[in-house]
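**Student:** Sharing a structure, written as structure tokens. Questions coming.
Laboratory data are not the source of any read-out in this text; all were calculated from the coordinates shown. Predicted model only: the values in this text are computed from it and were never measured. Cβ placement follows ideal geometry from the backbone for every residue including glycine, while neighbour counts extend to all protein chains displayed.
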Amino acid sequence: MAQERLRLSLHLPVSPHRLIIGHVLIGLSAVTLIIILDLALLAWITAAYFPAEAVSSALLTALPWGFAGLAAYLGITLALLEPSSRLKLFNLAIAAGIVALFLYPADPGAYRYSLPPLGLLILFMVPAVLLPAYRFRFRRVI
């Protein structure tokens with residue numbers, strides 16, 4: 001939040017939630033594109049040497065790592081927007097806990113049935129970014 005640039009953005013004639021969600025979705029799109037390219041490259045290389053079952057197993061094993069990257073991005077965004085140091089640490093702890101759920105050591109394909117509910121946690125993190133942005137704009141530090 002160097003030089004109050006975010007505060008200036010929040011005074012534009014655009015609603016603050018639209019502005020913040022727009023910025024977060026652009027970053028989320030970039031991270032998602034990198035993860036998709038990484039998974040596609042993994043599938044392509046694996047398919048060159050192994051049968052289709054190995055490709056699906058490799059993708060199911062790597063997909064939680066990609067979700068962990070999305071959760072880490074959103075968690076760091078949440079912490080960077082937070083004006084209060086105490087809440088910043090709390091947000092980082094929550095984000096680390098969510099990321100840890102995706103990085104738990106398991107057998108290949110073990111996340112097959114738990115990825116959709118865990119993916120909802122990532123979706124719930126997107127609107128959570130609005131709270132620190134409003135606290136920053138209105139200088140309400142808890």
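**Student:** Among the hydrophobic types (A, V, I, L, M, F, W, C), loosely packed, with under 12 Cβ neighbours inside 10 Å and assigned to a helix (DSSP H, G or I), is that true of Ala71? Don't jump to the end; show me each part of the working.
**Tutor:** Working: among the hydrophobic types (A, V, I, L, M, F, W, C): yes; loosely packed, with under 12 Cβ neighbours inside 10 Å: no; assigned to a helix (DSSP H, G or I): yes.
Spelling it out, it is not the case that Ala71 is among the hydrophobic types (A, V, I, L, M, F, W, C), loosely packed, with under 12 Cβ neighbours inside 10 Å and assigned to a helix (DSSP H, G or I).
**Student:** If a residue must be in a helix (DSSP H, G or I), polar (S, T, N, Q) and surrounded by 12 or more Cβ atoms within 10 Å (Cβ to Cβ), how many such residues does the stretch 74-114 contain? Quick ask: steps written out before the conclusion?
**Tutor:** Step one: filter the stretch 74-114 for residues in a helix (DSSP H, G or I), giving 74-81, 85-102.
Of the ones still in play, those that are also polar (S, T, N, Q) are 77, 85, 91.
Add one more test, that the residue is surrounded by 12 or more Cβ atoms within 10 Å (Cβ to Cβ), and what stays is 77, 91.
Counting residues in the stretch 74-114 that are in a helix (DSSP H, G or I), polar (S, T, N, Q) and surrounded by 12 or more Cβ atoms within 10 Å (Cβ to Cβ) gives 2.
**Student:** Right, another one. When you check Pro127 against the structure, is it part of a helix (DSSP H, G or I) and crowded, with 17+ Cβ neighbours inside 10 Å, yes or no?
**Tutor:** Details: part of a helix (DSSP H, G or I): yes; crowded, with 17+ Cβ neighbours inside 10 Å: no.
No, not satisfied.
**Student:** Now for a different question. Quick check, is Phe136 out of contact with any helix residue (DSSP H, G or I) (no Cβ under 8 Å at 6 or more places or on another chain), within 24 Å of Ser15 (Cα to Cα) and not charged (D, E, K, R)?
**Tutor:** Numbers: out of contact with any helix residue (DSSP H, G or I) (no Cβ under 8 Å at 6 or more places or on another chain): no; within 24 Å of Ser15 (Cα to Cα): yes; not charged (D, E, K, R): yes.
Judged against the criteria, Phe136 is not a match.
**Student:** Could you tell me how many of the residues in the stretch 80-114 are in contact (Cβ under 8 Å) with a residue 40 or more places away in the chain and closer than 24 Å to Ile21 by Cα?
**Tutor:** Final tally of qualifying residues: 8.
**Student:** Would you check which residues across the stretch 35-67 are surrounded by 12 or more Cβ atoms within 10 Å (Cβ to Cβ), under 18 Å from Gly119 (Cα atoms) and not polar (S, T, N, Q) and list them?
**Tutor:** First, pick out the residues of the stretch 35-67 that are surrounded by 12 or more Cβ atoms within 10 Å (Cβ to Cβ): 35, 38-39, 42-43, 45-47, 50, 54-67.
Then keep just the ones that are under 18 Å from Gly119 (Cα atoms); that gives 35, 39, 59-67.
Those that are surrounded by 12 or more Cβ atoms within 10 Å (Cβ to Cβ), under 18 Å from Gly119 (Cα atoms) and not polar (S, T, N, Q): Ile35, Leu39, Leu59, Leu60, Ala62, Leu63, Pro64, Trp65, Gly66, Phe67.
**Student:** Which number in (1) closer than 25 Å to His17 by Cβ; (2) part of a helix (DSSP H, G or I) marks the one condition that Leu39 misses?
**Tutor:** Here Leu39 clears every test but (1).
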